[in-house]
Every structure is written in C-alpha cells, then in structure tokens.
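Beneath this line is the structure, given in structure tokens, with notes to follow.
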Amino acid sequence: MSQRVLIIGATSAIAEAVARRYAAEGATLFLAARNTGRAAAIADDLRVRGARAVQVGAYDATVTDNADALVATAWEALGGIDVALIAHGTLPDQAACAASAVLTRQALVVNLLSVIDVLIPLANRMESAGHGTLAVIGSVAGDRGRQSNTVYGTAKGGLAIFLQGLAHRLAPAGVRVLIVKPGFVDTPMTAAFPKSALWASPATVARDLHRAIARGQRVLYTPWFWRWIMLIIRLIPTALFHRTRL
Amino acid sequence: MGSQPRYQSWGRFPAAAPVGVQPLRFRDQPLPRMPGSVLPVGNGRSYGDSCLNNGGYLLATRGLDRFLAFDPQTGLLRCEAGVLLSAVLSLTVGGGWFLPVTPGTRFITVGGAIANDVHGKNHHVAGTFGHQVTRLELLRSTGERVCCSPAEHPDLFAATIGGLGLTGLITWAEFRLQRIANAYVQVERTRFSHLDGFFDLALGADRAHEYTVAWIDCLATGKQLGRGIYMAGNHAAPTCEGSPKAPGRPVSIPFDPPLSLVARPTLRVFNELFFRKQVRSVQSGLEHYAPFFYPLDGIDQWNRIYGPAGFLQYQSVVPLAVSRDATREMLRCIAQSGQGSFLSVLKVFGDRAPAGLLSFPRPGVTLALDFPFKGRSTLRLCDTLDALVAHAGGAIYPAKDARMSPRMFAAGYPRLDQFRRSLDPAFSSSFWRRVTGAAA
C-alpha cells in the first residue's frame, strides 16, 4: 500500500530530499509550509517523480494555535498518517539572542514549542490508531550546551528530552519516534558558513533518514561519524571545555 | 561526503575566482542584486572560461532541480534549469523516453545544455539541444520574467539558445524527448586506415544511422594520417531487450597527480591498443546506452589525469567543401607538434540551420581534441590550428575554449552584433570579456 506521509517544513532542503525518496516509492504526501507557492512547486516535482498524490497546506510556526487544525486537515486528507516528518526550523543568531530575551523566546517558539504543538495532536492520533512513525529533525547541537549556539542547542536539546518521553509513552501503542541529529548540512540555513569535509549534502542526510524510518530506528546521527564526534564533545571535562570557544 | 563545490571549469584552465557565489533554490526568487556582474553556473562541465566570472558573481543553479511536468504520452518535459541530464534519464528511460540530443556527458544541467546549445552524435538527424526546446522562462536583471519560444519573443529565444548564460537566468525550460524501445543501442564499429576512409564512411550510405562519430589516432602520420574507428549506432529494436548489463558504480580518480598522466609515450601505447583491439574491420553488437554515449562518465573526475596544469580542449568546425584538406592539414600540424591528444573525435554535422545566434554547430566537419596544458607551446599549436580554421571559414566552440582571440570569435560568429541586442547588462563572464573586450 502507498505510504501516507506528512511533512511539516516541506520547503527545507532536507525535507525536500526526503520527500523525493517517498515520491519515488509512490507515496501519498501532504506538504505543510509557510510558503505554499514554493511547496506547490515541490509538489509538482514530486508528482513527476512518482508520488501517487500530493497536497499542500499552510503552516506558520511563529503563529500559535494552528497546529491542531493542520494535523486534522492532513490526517483527513491522507486518510491517516504512516509517517510524519517535522523538519521546520531556523538557525537563530546567537549573539542577537544573547542580547535579547524577546529574540530568544521567538527562537524557542519556532524551534521547540511549535514542534511540540504539532507533536501532541500527531502523537494522540497515532496512539489511537496504534500505528505510525514520528520523525523529527533535531541536531547534534542539542547534545551539549555551548556558548556559540546556546539557544538553538536549548531548543534541540529540549526537543530530544521531549521525544524521549514521547517514545516511552508511545512504545506500547506501537508508534515509533525517531530523532534525527544531523551535523553540518549544506542548506540555505547554513549558506553563510565556510564549508569543510565535515559538511554533508541534504541528499546524504535524506538517504540516512529515510532508511532509519524504514528500520524503526530511534536516534539517528547523520552522517554516522557525528555520533562519535558528539560522544567526545560530551566527555570533555567542563573545566577544559570552558577554555574552548566551541 | 559533501564539501565546498569548486568553481573551476572542467579543463581547470584558466584559474578564476568569483567574488561571491549565490546559490539559488526556488525559481520564484528574484534575481539577487550584486555589486558586480553575475553569471549563471550549472554543473561546471564547460572546459574553458565560459562558466567562469573572474572578479564577478556566480548564480549557482543546481538548487533549481525540480521537474514541473512530464507527459508520458507525448514525451514533453518541463523542468527547472538546474536539473541534470542524468536525472532526466533516471526518470524517463524506464518508461521508454530518451534525451533527444545528448553530449558526451550526462552530468550537465538543462540550463547549460541550452546556454551552450550542445550537440551529440545525432546532429545530422536531430540538430542541437536547442532545436528540441519548445519554451523557456528567462529572468532578466530588470526583474522581468519573459516566456520565450520560437513564437513568443523569438529574438530573445534565439539569443538565449547558445547564449552562454549572458541573456539572463533561465529558470525553467520545456523540451521534447524521443521514444525508445529499451536502454540499448545497436552499435557498429568500422576501422578505417586513413582520413579518406573516414570521409567515405561518413558521407556514404551510412547516413542512415542515428548516431555517428569517429575516433581518430592523431599520432598517426604519413599514409596512416587520420586512421581511426568509425562508430555508428541506432537505438535498439524492441526484440533486442536483454543481454548487456548496465554499468556499475563509477570508479574515481581520487587525487590530483602531480604531473599529467597523459604524455606522448602513454598516448602512443593507448592509441595503438585502441586501434588494434578491434580485430575485424567491422564489428557490431548491442551496448547499454551509458557506455555508448558517456564512456567517460564511468570515471569520476577524469579531468584529474591531466595533473594540476589542466588541459585545453579544442573543437572546431569547417565547411564541408574544404573539410578534407583542412582536416588533413590540422592533423598534420598536431602530429608534427608532438602534443598528443587523447580523445580526438571527428564528426560530420547535418545541414540544419543553427538554433541560436551563437550556436556552434553548423553544416560542416567538426574535430574535437584535448591537449595537456604545457604553457606556451600548447597555446602556439592552438593558434596555428586557429589560422587553418579561419582560412577554411570555420569556427571554434566557446564551451571548450579558453584562449581564442577576439578576431577569431568574431569571424566564427557573424551574428554577434544581433546577439548583443539581447544581452542582459548585468550578466557577463570571463569568456565574454576575453573575446569581446567588454568591461567587467
């Protein structure tokens, strides 16, 4: 049977690359994005690539209280959801956030609270259906608090704990929860950074992510070596860590 | 693993540094405003400096890689300009559709195929890539989006085909694919022992083949001058389904050798083996399309074999009437110079009128060569060849050029002044400034 896939933040480079993999398998997709014109361009592409059907809906992560409606619309449009990928987010300017509680709060709304907003109705529906996978884009930045990336790391770290709890709750219902922790990915969000050999393409991350969902994995570091890089970073003693500019 | 894409041309000569690179991801984005000139860049497979903008900005179009529509009944495909030809093939070959025209690599973008008006082994029956384009959208620096086709804005359409990215940004294009029965090609290889043998084959009854091209041993001299192998192919019939395997993963040249691996002794052995490996004078068989059309795509980054100095491609066309003498003279010069060419290719173009104002393919005979870049001696040889081409009333291919003079360019492209009227003032390239003396 054709898989029913909801993608939130569907115009992100990683999400689009994942969507192409599902399209090639003949999936039915619902794309939620702030810019529905761009999501529609992606929908056309996915149809040509083999998707059975693709629908587009508006979702703005900066606006509270539209998550329930989005999930209800998508659930109805797809006739149930097998896979939900939550991929929206921003990379906040750490220096600006350090100077402003307002900006910090906004960054946490977009990168943490709005994600939880959609996860709650999705989790409840999947729990009653007794089936489904929730895949959420986290980050290696959530593995240890660092001065260069505190707010983004807080959002992604908070998300990791929330998903851990959710996975615990949903395990008896047969619902899978996957947190994806990409390292450096060459996307428009990171366009301003100089690139090195550690950087991965969205296509590489998408390949890993798609496979991890199929295998029912719970945590995915992508590319694989980030698991070991983050292990080392977590193990660095605080006294030493505080002397670095990481 | 991803790393910073390099913005150099495939020949790796000349070196150039853009001030900035703006990656594009959505076709509805306005053209970014830059303090200098801009040039759209695709997959960087042009050999010379037509894909470089030294001191200016590049608009990286690989992110514009979406399909808009495909009609499996008619084979009409519409896609964004950054889609690779390899992606088109992956999408359509299984369903019985093939590129209507393809160059020797599938790792180029649709935008690049249009901007260089690329050709393939079927030029004599199908014309160029530009002949297959039914429509395209051009984003001009004024912010205007112009839909161009042979009927709408025909001047801008003709300037954009083969227009080297200088008329604006192509956001999407529509073109026709051709029907195939399967992924195979029926190939016939015929050995010929001198240049006249090539002309006999190419101008004889063999025009019945869809795809024709000849490999030439450019080290051969005297009576053997111009010896080589003539390759003719047709898409296989439905009953031919089966036998040959699709090629596996490409091998890669994983590092830069400190010196060019293409030198006279290795070349002599290679050429002799290539010529001799075919025992019978005519050999035929069924091949998968990939090794037939894209023999070098099986070797990732094959341009590295030429070492850090890079290499020069040289492709010329001369009118049919004088082609025997001109080609013989060019081959003699090359053999004398001692600068070997690894891939020397000879083909007769069809007589279809060019699709674009600056299109390279035109009725005549085309010779393509590549030389390891050895500095002045290589440049001198190319200048000598230029003189022969100019004398014959021919032209040089911009997509492969890094060194022709402004006079040579003007002589080969008589519709240059008409083209200038469609130039976008914000667009420029290293090539354009070199061959026209335009300001940066």
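Points worth noting:
- Considering A:D82, A:D65, A:D117, the condition of being open to solvent by 10 Å² or more (accessible area, probe 1.4 Å), at positive phi and more than 13 Å from every other protein chain (Cβ to nearest Cβ) is satisfied by A:D65 alone.
- In segment B:154-228, counting only strands (runs of 3 or more DSSP E) that sit wholly within it, the ones holding 3 or more residues that are within 30 Å of B:L358 (Cβ to Cβ) span B:169-176, B:211-216.
- Considering A:G157, A:G145, the condition of being out of contact with any His (no Cβ under 8 Å at 6 or more places or on another chain) and part of a loop (DSSP other than H, G, I, E, B) is satisfied by A:G145 alone.
- From B:T134, B:T128, residue being within 23 Å of the chain's Cα centre (by Cα), polar (S, T, N, Q), crowded, with 19+ Cβ neighbours inside 10 Å and modelled with pLDDT of 95 or more: B:T128
- Among residues of segment A:28-46 that are more than 13 Å from chain B (Cβ to nearest Cβ), those with a beta-carbon under 6 Å from a residue that is among the hydroxyl-bearing types (S, T, Y) and not in a strand (DSSP E or B) at least six positions away or on a different chain give the pairs A:T28/A:S2; A:A32/A:Y59.
- From the list A:T154, A:T222, the lone residue that is in contact (Cβ under 8 Å) with a residue 12 or more places away in the chain, closer than 16 Å to A:S12 by Cβ and among the polar types (S, T, N, Q) is A:T222.
- Qualifying residues in segment B:94-121 (those that are of a type in the set (F, W, Y) and closer than 24 Å to B:A181 by Cβ) - the one least open to solvent (accessible area, probe 1.4 Å): B:F98
Residues are listed down the side, and each one gets a yes or a no for (1) within 14 Å of chain A (Cβ to nearest Cβ); (2) farther than 28 Å from B:L91 by Cβ; (3) modelled with pLDDT of 90 or more; (4) assigned to a strand (DSSP E or B):
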residue	(1), (2), (3), (4)
B:W10	no, no, no, no
B:R25	yes, no, yes, no
B:S50	no, no, yes, no
B:L59	yes, no, yes, yes
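- Filter result for A:V136 (among the β-branched types (V, I, T), open to solvent by less than 10 Å² (accessible area, probe 1.4 Å) and touching a residue at least 40 places away in the same chain (Cβ under 8 Å)): yes
- Residue selected from segment A:175-202 under the condition of a type in the set (S, T, Y) and surrounded by fewer than 15 Cβ atoms within 10 Å (Cβ to Cβ), by the criterion farthest from the other protein chains (Cβ to nearest Cβ): A:T190
- Strands (runs of 3 or more DSSP E) completely within segment B:259-349 that count 2 or more residues being within 17 Å of the chain's Cα centre (by Cα): B:311-318, B:345-349
- All positions within segment B:405-428 that are of a type outside the set (K, R), surrounded by 13 or more Cβ atoms within 10 Å (Cβ to Cβ) and in a loop (DSSP other than H, G, I, E, B): B:S405, B:Y413, B:S422, B:L423, B:D424, B:A426, B:S428
- Yes/no for A:S148 being hydroxyl-bearing (S, T, Y) and more than 18 Å from the chain's Cα centre (by Cα): yes
- In segment B:164-179, residue nearest to the chain's Cα centre (by Cα) [restricted to those that are open to solvent by 10 Å² or more (accessible area, probe 1.4 Å) and not acidic (D, E)]: B:L164
- Of the residues making up segment B:27-48, those that are over 20 Å from B:W10 (Cα atoms), more than 14 Å from every other protein chain (Cβ to nearest Cβ) and charged (D, E, K, R) number 1.
- Total residues in segment A:1-27 satisfying the condition of being within 12 Å of chain B (Cβ to nearest Cβ) and either more than 18 Å from A:A135 (Cβ to Cβ) or hydroxyl-bearing (S, T, Y) (or both): the figure is 2.
- Cross-chain or 6+ apart pairs with Cβ under 6 Å, segment B:71-83 first and closer than 17 Å to B:T171 by Cα, then in a loop (DSSP other than H, G, I, E, B) and of a type in the set (V, I, T): B:A81/B:T61; B:G82/B:T61
- Condition broken by A:R38, with the remaining ones in (1) closer than 26 Å to B:S86 by Cβ; (2) open to solvent by less than 20 Å² (accessible area, probe 1.4 Å) satisfied: (2)
- Residue, nearest to the other protein chains (Cβ to nearest Cβ), within segment A:219-235, restricted to residues that are under 12 Å from A:R144 (Cβ atoms) and open to solvent by 40 Å² or more (accessible area, probe 1.4 Å): A:I229
- Count - residues of segment B:363-377 that are outside any strand (DSSP E or B) and either surrounded by 20 or more Cβ atoms within 10 Å (Cβ to Cβ) or under 12 Å from the mean Cα position of the chain (by Cα) (or both): 1
- No other residue among A:A203, A:A167, A:A214 is in contact (Cβ under 8 Å) with a residue 60 or more places away in the chain and under 17 Å from the mean Cα position of the chain (by Cα) apart from A:A203.
The values are calculated or read from the model by the stated rules, or taken from the named source; none is laboratory data. As the structure is a prediction and not an experimental result, all values here were calculated from the model. Note that each Cβ is placed from the backbone with ideal geometry, even for glycine, and that neighbours are counted across all protein chains shown. Please note that ligands, DNA and RNA were not included when accessible areas were found on the heavy atoms of the full protein model with its side chains. Shrake-Rupley method; radii C 1.70, N 1.55, O 1.52, S 1.80 Å.
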